[in-house]
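Participant: My questions will all concern the structure given below.
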Amino acid sequence: VLHRPLEGTVKTCCVRRTSAGKWYVCFSCEVASDPLPATDAAVGIDVGLETFATFSTGETIPNPRFFRRDEKDLARAQRRLSKEPTPAKGERATPERRKRKKAVARIHERITNRRTDFAHQQARKTVNAYGVIAVEDLSINQMVHNHCLAKSIHDAAWRQYIAAMTYKAEYAGRRVVAVNPAYTSQDCSRCGHRQRKALSERVHACSCCDLVMDRDQNAALNILAVGLHSLAHA
């Protein structure tokens, strides 16, 4: 089954078999860039857990929570697998254990495929709409040390979305700017006043200029401002 016709010069070929038993052949090809029409539109993006992403324009992308949606099915399949005897070293697993192990792998693969498709679809929409895209340079490995949020952070897959957006932007002649995330949620996007807010506070209410707006949109505006500033001084 050919996903799409090959373009450019084939450089490498990778044959892969998934844990669910499916085979894939992946080609990497050298192709010329295909720039999109130039646009001055710029946007800052703040990723989160309440919503997957909030744009400085006010637009939001709902968090699909793919793992959470299939969590019960996965737990049920894993319980069935755990009831099968574990083979001793050097022995083959029973046909029933192999069957149930494959069922678990299929659920994981389904979650991964949905998450990957979502990341690529949203990245393509963003790149098509904006010429300059500012995002936070997040340290995901440090953020998942918070065990209360680790599962949700992994499920959101922000890094996958940003990575897809970065290479699509490069191919289309757009710019993606990664900015320091420090204080983007604390600073006021209108006057710059800094006031600390707990993670549970979802509304930004500035005590200096009386600006009241969604916390994530305020952060997205700060991200955009920092990104444009770094481009101007690059």
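The values are calculated or read from the model by the stated rules, or taken from the named source; none is laboratory data. Given the structure is predicted, the values throughout are model-derived calculations rather than measurements. Cβ: placed from backbone, ideal geometry, glycine included. Neighbour counts: every protein chain shown. Just the protein is used for accessible areas: all its heavy atoms, side chains included, with ligands, DNA and RNA removed. Shrake-Rupley method; radii C 1.70, N 1.55, O 1.52, S 1.80 Å.
Participant: With a 1.4 Å probe and every protein chain left in place, tell me how much accessible area ARG16 has, in Å² to the nearest 10.
Facilitator: We get 120 Å² for ARG16.
Participant: I've got another one for you. Pick from THR166, THR86, THR126: which residue has the top mean-square fluctuation in a GNM of the chain where Cα pairs under 10 Å get a spring?
Facilitator: Among THR166, THR86, THR126, the largest GNM mean-square fluctuation belongs to THR86.
Participant: Expressed in nm², what is the orientationally averaged projection area of the convex hull enclosing the Cα positions of the chain?
Facilitator: Result: 17.3 nm².
Participant: With all protein chains present, calculate the accessible area of ARG17 using a 1.4 Å probe and round the result to the nearest 10 Å².
Facilitator: The accessible area comes out at roughly 140 Å².
Participant: How would TRP158, TRP23 line up by accessible area, probe 1.4 Å, largest first?
Facilitator: Per-residue accessible area, sorted high to low, gives TRP23, TRP158.
Participant: Got a number for carbon plus sulfur as a percent of the chain's accessible area, 1.4 Å probe?
Facilitator: Carbon and sulfur together cover 52 percent of it.
Participant: Heavy-atom accessible area of VAL176 with all protein chains present, probe 1.4 Å, nearest 10 Å²?
Facilitator: That residue has around 40 Å² of solvent-accessible surface.
Participant: With a probe of 1.4 Å, find how much accessible area the range 87-234 has per residue, and write the answer as a whole number in Å².
Facilitator: 58 Å²
Participant: Further, regarding this structure: By DSSP, what percent of the beta bridges with both residues in the chain are antiparallel, rounded to the nearest 5?
Facilitator: 65 percent
Participant: Turning to a different aspect of this structure: So if I place +1 on the C-beta of Lys and Arg and -1 on the C-beta of Asp and Glu, and nothing else carries charge, what would the dipole magnitude of the range 65-136 be about its Cα centre? I want it in debye, nearest 20.
Facilitator: 460 debye
Participant: Now for a different question. Shape verdict for the range 122-234, please, from the Cα gyration tensor: rounded (a/c under 1.5), prolate (a/b greater than b/c) or oblate.
Facilitator: Oblate.
Participant: Could you sort MET143, MET213 by accessible area so the largest value comes first, with the probe set to 1.4 Å?
Facilitator: Result, largest first: MET143, MET213.
Participant: Something else about it: Using a cut-off of 29 Å between alpha-carbon atoms, which lysines can reach LYS11, once sequence neighbours fewer than 8 places away in the same chain are excluded?
Facilitator: List returned: LYS22, LYS125, LYS168.
Participant: List the aspartates and glutamates whose Cα lies under 18 Å from the Cα of LYS197, skipping any in the same chain that are fewer than 8 positions away.
Facilitator: ASP46, GLU50, ASP187, ASP210, ASP214, ASP216
Participant: Could you tell me which of rounded, prolate or oblate describes the range 172-222, using a ≥ b ≥ c as the square roots of the eigenvalues of the alpha-carbon gyration tensor, with rounded for a/c under 1.5 and, failing that, prolate when a/b is larger than b/c and oblate otherwise?
Facilitator: Prolate.
Participant: Taking 7 Å along the Cα-to-C-beta vector as the label spot, tell me the ARG68-LEU231 distance in nanometres, rounded to one decimal.
Facilitator: Placing both labels 7 Å along Cα→Cβ, they lie 3.3 nm apart.
Participant: Classify the range 1-103 from the C-alpha gyration tensor, please: rounded if a/c falls under 1.5, else prolate or oblate depending on whether a/b exceeds b/c.
Facilitator: Oblate shape, in that a/c is at least 1.5 and b/c is the bigger or equal ratio.
Participant: If you don't mind, there's one more thing I want to ask. On a 1.4 Å probe surface of the protein chains, which of LEU199, LEU81 comes out largest in accessible area, and what is the full order?
Facilitator: Largest accessible area first, the residues go LEU199, LEU81.
Participant: Suppose every K and R has +1 on its Cβ and every D and E has -1 on its Cβ; what is the size of the dipole of the range 167-234 about the Cα centre, in Debye to the nearest 20?
Facilitator: 100 debye
Participant: Right, something else. At each listed q (0.17, 0.23 Å⁻¹), what is the log10 of I(q)/I(0) that the Debye formula gives for the range 72-187 modelled as equal alpha-carbon point scatterers?
Facilitator: Evaluating at q = 0.17, 0.23 Å⁻¹ gives log10 I(q)/I(0) of -0.94, -1.25.
Participant: Given Cβ point charges of +1 (Lys, Arg) and -1 (Asp, Glu) and nothing else, what value in debye, to the nearest 20, does the dipole of the range 1-48 about its Cα centre take?
Facilitator: 540 debye
Participant: Taking the simple approach of a point 7 Å from Cα along Cα-to-Cβ for both GLN160 and ASP210, what is their distance in nm?
Facilitator: Going from the GLN160 label point to the ASP210 one covers 4.6 nm.
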